[in-house]
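What follows is a set of notes on a single structure, which appears directly below.
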Amino acid sequence: RACPGLPWDGRACRPPGDPMQCQCPFSDECTQARAITTLPYFDTQDTSSATPAEDDPSLTCGLPGPQAHSVWYTLVAPSDGAVRLDTFGSNYDTVVGVFTGSCGGLTPISGACNDDSGGLQSALSFSVANGETYYFEVTSLGTSVGRLLDLSVSFAPDPCIGAPATGCRRPTTGGKSL
């Protein structure tokens, strides 16, 4: 998909420095998801030129139908535990969904979609399994304008890993035990 008014090679945004470079955000496509390799994680990016892709999944929260200005992140869970993410500090109405699977065939995680958790920003927590790959899609609500996204991601390991089975109490996220 083309970035409005900017060069594009017909397949994907090209890398910085390429004479045919497209100015889409680095993570505009699921296949170009920005990898989260260190936790906690914080990222700011301008999403105003981000565009939805035909294979972007429908989010289960926010307005019905496709959202706009989608950007992608991916995380491989470092162990069993819980991930918390939020878009607090962003200056536009955000929606966040979490998926497993692979690009073009993603499956939403039940309950891991949020719109308007703190004002117009989003926040959610969900359980993760060691070694599983998770995709985060951040969009603007409906067709509203994307602007500066502030994404914060943190991780809490399962406190029962390596602990005696008796007496270990797991915290809950979204009403579900880890």
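The values are calculated or read from the model by the stated rules, or taken from the named source; none is laboratory data. The structure presented is a predicted model; accordingly, all values stated were derived computationally and were not measured. Here the Cβ is made from the backbone with ideal geometry for all residues, glycine too, and neighbour counts use every protein chain on show. These accessible areas exclude ligands, DNA and RNA; they are computed on the full protein's heavy atoms, side chains included. Shrake-Rupley method; radii C 1.70, N 1.55, O 1.52, S 1.80 Å.
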**Asked** Scanning region 85-126 for residues that are part of a strand (DSSP E or B) and more than 15 Å from the chain's Cα centre (by Cα), which turns out surrounded by the most Cβ atoms within 10 Å (Cβ to Cβ)?
**Response** 118
**Request:** Could you give me the residue pairs with C-beta distances under 8 Å whose first residue belongs to region 99-123 and is modelled with pLDDT under 95, whose second residue is part of a strand (DSSP E or B) and open to solvent by 60 Å² or more (accessible area, probe 1.4 Å) wherever it lies, and which are 6+ apart or on separate chains?
**Result:** 111/176
**Request:** Search region 55-67 for residues that are on the phi > 0 side of the Ramachandran plot and pair each with any residue that is among the β-branched types (Val, Ile, Thr) and at pLDDT below 85 when their beta-carbon atoms are under 7 Å apart and the residues are at least 6 apart or on different chains.
**Result:** none
**Item:** Residue match in region 61-73 (condition: within 22 Å of residue 154 (Cβ to Cβ) and in a loop (DSSP other than H, G, I, E, B))
**Value:** yes
**Request:** Would you be able to say whether some residue in region 93-112 is among the small types (Gly, Ala, Ser) and within 19 Å of residue 38 (Cβ to Cβ)?
**Result:** no
